[in-house]
Amino acid sequence: MKKIGFLSFGHWTPSPHSAVRTGSDALLQSIDLAVAAEELGADGAYFRVHHFANQLGAPFPLLSAIGAKTSRIEIGTGVIDMRYVNPQAFVEDAGAADLISGGRLQLGISRGSPEQVIDGWRYFGMEPAEGETEADMARRHTLKTLELLEGTGFAQPNPRPMFPNPPGLLRLEPHSEGLRDRMWWGAASDATARWSAELGMNLMSSTLKTDESGEPLHVQQAKQIRVFREAWAQAGHTHEPRVSVSRSIFALVNDTDRAYFGINRENSDQVGVIDNTRSVFGRSYAAEPDRLVEELAQDEAIAEADTLLLTVPNQLGVEYNAHVIESILTHVAPELGWR
């Protein structure tokens with residue numbers, strides 16, 4: 001295990017039991033948690049993106065703010081729904097945010113998941129082409145985005161521009177060199193993991209996966225990672241790929257931890273249906289550090305991946321979430337080979 005970061009869903013609710021009651025709270029606390037995680041020595045700060053929900057829907061202002069307030073930590077998404085994306089606007093926003101951070105963005109994207117509204121992408125002006133599904137549209141947007149991130153000029157310059165142009169066709173600006181290699185695909189199946197490898201995108205595997213064998217999540221994910229790496233090698237890419245898995249992991253080191261997570265914990269995976277597809281949902285890990293080390297050492301996907309993303313209960317506030325991260329980094333991660 002080479003890197004450990006956190007993944008926040010960025011929920012907020014007006015409930016008096018929540019430490020995150022408004023969109024402003026969610027955004028500002030996300031920045032504060034990223035700063036705290038960097039100070040603790042964590043490697044990454046990642047955020048879920050959902051539209052029409054009390055969650056973080058507009059990633060690039062948040063990523064830019066974190067980039068300006070930190071200096072080392074990786075900053076990413078897990079994941080941006082490409083059904084909603086205008087590739088040109090995405091590339092301009094991503095390039096600016098990456099330059100602000102000094103080249104630390106790690107952008108997870110995907111075909112999307114069930115949303116709060118019916119065909120929400122239509123409200124963003126997106127429409128599948130004739131014969132396309134919405135998943136096809138997401139992949140078309142992805143291919144265009146990857147092409148634009150290459151930075152090759154494609155637009156015919158005005159012969160009488162307002163400002164002088166460089167020679168040749170023009171590209172989108174600001175261009176951030178290297179961002180194309182830091183794109184990740186959130187793959188739910190072996191087939192999409194293979195597709196992402198062929199395109200030279202890193203692999204992001206979450207706490208759920210399409211159930212393709214009936215085996216536990218971590219076993220299926222480990223096989224998915226091996227499929228990805230084999231396809232990467234066959235594609236002949238010249239740089240090493242990255243692979244992340246997400247897990248809900250809580251080290252019980254004080255009474256507050258035990259009150260929140262010490263009872264009614266899930267000891268096995270769950271099976272459900274998403275978009276009419278049978279999926280397996282990973283268990284949560286919550287135990288004293290010594291026991292956690294033993295349990296996590298048996299997780300085949302964690303062993304295969306180079307990056308572990310800890311899902312955090314962001315509504316419990318920055319201070320407690322920093323404690324959750326610190327407990328893992330201090331009491332668990334070193335025993336699993338981190339640093």
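Taken as a whole, the structure leaves residue 38 outside the set of residues that are assigned to a helix (DSSP H, G or I), farther than 21 Å from residue 203 by Cβ and touching a residue at least 40 places away in the same chain (Cβ under 8 Å). For segment 119-236, the strands (runs of 3 or more DSSP E) that sit wholly inside it and include 1 or more residues that are surrounded by 13 or more Cβ atoms within 10 Å (Cβ to Cβ) and of a type in the set (Phe, Trp, Tyr) are 183-186.
The conditions of being open to solvent by less than 70 Å² (accessible area, probe 1.4 Å), out of contact with any Gly (no Cβ under 7 Å at 6 or more places or on another chain), of a type in the set (A, V, I, L, M) and closer than 23 Å to residue 322 by Cα are met by residue 245. Evaluating residue 3 against the criteria (1) within 15 Å of the chain's Cα centre (by Cα); (2) within 27 Å of residue 139 (Cβ to Cβ); (3) open to solvent by 20 Å² or more (accessible area, probe 1.4 Å) leaves one unmet condition, (2).
Of everything in segment 239-269 that is part of a loop (DSSP other than H, G, I, E, B), over 30 Å from residue 181 (Cα atoms) and in contact with a strand residue (DSSP E or B) (Cβ under 7 Å, 6 or more places away or on another chain), the residue that is modelled with the highest pLDDT is 252.
Can you confirm whether residue 295 is without any contact (Cβ under 8 Å) to a residue 24 or more places away in the chain and touching a strand residue (DSSP E or B) at 6+ places or on another chain (Cβ under 7 Å)? Criteria met by residue 295.
Open to solvent by less than 20 Å² (accessible area, probe 1.4 Å) and either modelled with pLDDT under 95 or within 13 Å of the chain's Cα centre (by Cα) (or both) - does that describe any residue in segment 16-27? Within segment 16-27, none of the residues are open to solvent by less than 20 Å² (accessible area, probe 1.4 Å) and either modelled with pLDDT under 95 or within 13 Å of the chain's Cα centre (by Cα) (or both). The condition of being among the basic types (Lys, Arg) and within 16 Å of residue 200 (Cα to Cα) holds for only one of 226, 291, 278, 258, that being 226.
The values are calculated or read from the model by the stated rules, or taken from the named source; none is laboratory data. Since the structure is predicted, the reported quantities are computational estimates derived from the model, not experimental observations. Ideal geometry is used to build each Cβ from the backbone, glycine not excepted, and the neighbour counts take in all protein chains shown. Areas reflect the complete protein model, heavy atoms only, side chains present, ligands, DNA and RNA absent. Shrake-Rupley method; radii C 1.70, N 1.55, O 1.52, S 1.80 Å.
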